1. I'm trying to understand the selection: among the residues of segment 36-70, which are among the polar types (S, T, N, Q) and touching a Leu at 6+ places or on another chain (Cβ under 9 Å)?
2. So in segment 58-75, with the set limited to residues that are touching a Ser or Thr at 6+ places or on another chain (Cβ under 8 Å) and either of a type outside the set (A, V, I, L, M) or outside any helix (DSSP H, G or I) (or both), which one is farthest from residue 110 (Cα to Cα)?
3. Could you name every one of the strands (runs of 3 or more DSSP E) located completely within segment 1-50 that has at least 2 residues being in contact (Cβ under 8 Å) with a residue 60 or more places away in the chain and either in contact with a Ser or Thr (Cβ under 8 Å, 6 or more places away or on another chain) or closer than 14 Å to residue 117 by Cα (or both)?
4. State whether the residues of segment 52-59 include one that is among the small types (Gly, Ala, Ser), more than 14 Å from residue 119 (Cα to Cα) and either in contact with a strand residue (DSSP E or B) (Cβ under 6 Å, 6 or more places away or on another chain) or free of Cβ contacts under 8 Å to residues at least 24 places away in the same chain (or both).
Amino acid sequence: MGMEPALARALAALTTGIYVLTVRDGERRHGMSSSWVTQVSGDPPLLMASVDRRHSTHDILARTRRFALNVVGERGRALEDYFYSAASRRPDNLDKIAWEDSPDGLPLLRDAMVSLECRVEQAIPAGDHTLFVATVERVTRRTDDRPLTSQDLDYIYVGEVVRRGE
C-alpha cells in the first residue's frame, strides 16, 4: 500500500538530517540509516529518534535503552550509501566500515563527523514507529564538516522511499 503521491512529495519537502544510529547487543553491533531525529528539549538537552518497529534495531534499543547517533557529514557520505544499501541489511553489519567501541561499549563510526552516545528516557509508540527520547551522555567530535541533509540525497524516506523528481 503506497502513500498518496501528493502527500509523499509534501513530506519529502521536510528537511531532515542524515544519521546512522548504532546499537550494541552483547557482542553484536548494528547500525541503521536514520533521518527521523530531532532535538526536543534544551533543559535538559534531549533528542528523539523515531525507529520503525519492524527494524531489528528497534528490539535491541527497546531492551538496552542505549544508542549512538552518528552525524553524517559531506565527507562521510559513504556511510549513508552503505547503510541505505542492501549490503547493510544483516544482523552484524559494521564489519564493512571503520568503527570503535566507546568507553561504555557503544559502536561509534570513525567516518561520522560527530557521535552522540545516548540513554533512552522514554519510549513513546507512534504509528508504526517508536519515539525514543534520550539524554546525551557523551559527545565525540571528529571533524569539521557540513552535515548532510535529506536535500543532499536523490531519495528520501517518508515511510517509503521517494525518489527526487517523482
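1. Result: 38, 39, 41, 50, 57, 70.
2. Checking each candidate, the answer is 58.
3. Hits in segment 1-50: 19-25, 28-34.
4. So far as segment 52-59 goes, no, none of its residues is among the small types (Gly, Ala, Ser), more than 14 Å from residue 119 (Cα to Cα) and either in contact with a strand residue (DSSP E or B) (Cβ under 6 Å, 6 or more places away or on another chain) or free of Cβ contacts under 8 Å to residues at least 24 places away in the same chain (or both).
Every residue, every condition in (1) over 25 Å from residue 81 (Cβ atoms); (2) assigned to a loop (DSSP other than H, G, I, E, B); (3) under 14 Å from the mean Cα position of the chain (by Cα), yes or no:
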residue: 118; (1), (2), (3): no, no, yes
residue: 125; (1), (2), (3): yes, no, no
residue: 131; (1), (2), (3): yes, no, yes
residue: 134; (1), (2), (3): yes, no, yes
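Coordinate-derived values only; no laboratory data. Note that the coordinates shown come from a computational prediction; the quantities given were computed from them, not determined experimentally. Positions of Cβ are backbone-derived with ideal geometry, glycine not excepted, and every protein chain shown enters the neighbour counts.
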